[in-house]
Amino acid sequence: LPLILWALRSALASPEDYNAIANYCLMPIGKTLSLLIWAAFVFHFFAGCRHIIMDFGWGESLARARFGAYLVIILTVIFIFLGGLWLC
């Protein structure tokens with residue numbers, strides 16, 4: 001999060017800084033970093049949704065909790081893959 005906030009602040013500072021951040025994001029290390037940030041966000045989002053659903057009392061049995069965990073992992077992998085395709 002600090003890296004994202006720093007990049008946002010720098011990109012909003014001036015057109016030259018924006019171009020520097022944009023060029024960095026087009027490099028392989030920038031794409032890799034973006035994909036890792038995307039992966040963390042996607043997993044956190046789906047796991048949070050699972051926990052909110054469990055707070056309502058759905059999926060609290062062991063079998064349903066495991067199903068929910070597997071579903072979070074599968075959805076995360078699918079969305080990471082889609083994000084990787086979008087970054088290419």
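General remarks:
- Among residues of segment 13-32 that are in contact (Cβ under 8 Å) with a residue 40 or more places away in the chain, those with a Cβ under 9 angstrom from a residue that is of a type in the set (Gly, Ala, Ser), sequence gap 6+ or separate chain, pair up as 31/84.
Residues checked against (1) of a type outside the set (Phe, Trp, Tyr); (2) open to solvent by less than 50 Å² (accessible area, probe 1.4 Å):
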residue	(1), (2)
23	yes, no
33	yes, no
57	yes, yes
62	yes, no
70	no, no
76	yes, yes
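- Residues that are under 19 Å from residue 88 (Cα atoms) and in contact with a Ser or Thr (Cβ under 6 Å, 6 or more places away or on another chain), drawn from segment 6-39: 21
The values are calculated or read from the model by the stated rules, or taken from the named source; none is laboratory data. This structure is a prediction, so every number in the text was calculated from the model and none was measured. Positions of Cβ are backbone-derived with ideal geometry, glycine not excepted, and every protein chain shown enters the neighbour counts. In case anyone asks, the SASA skips ligands and DNA or RNA and just uses the protein heavy atoms, side chains included. Shrake-Rupley method; radii C 1.70, N 1.55, O 1.52, S 1.80 Å.
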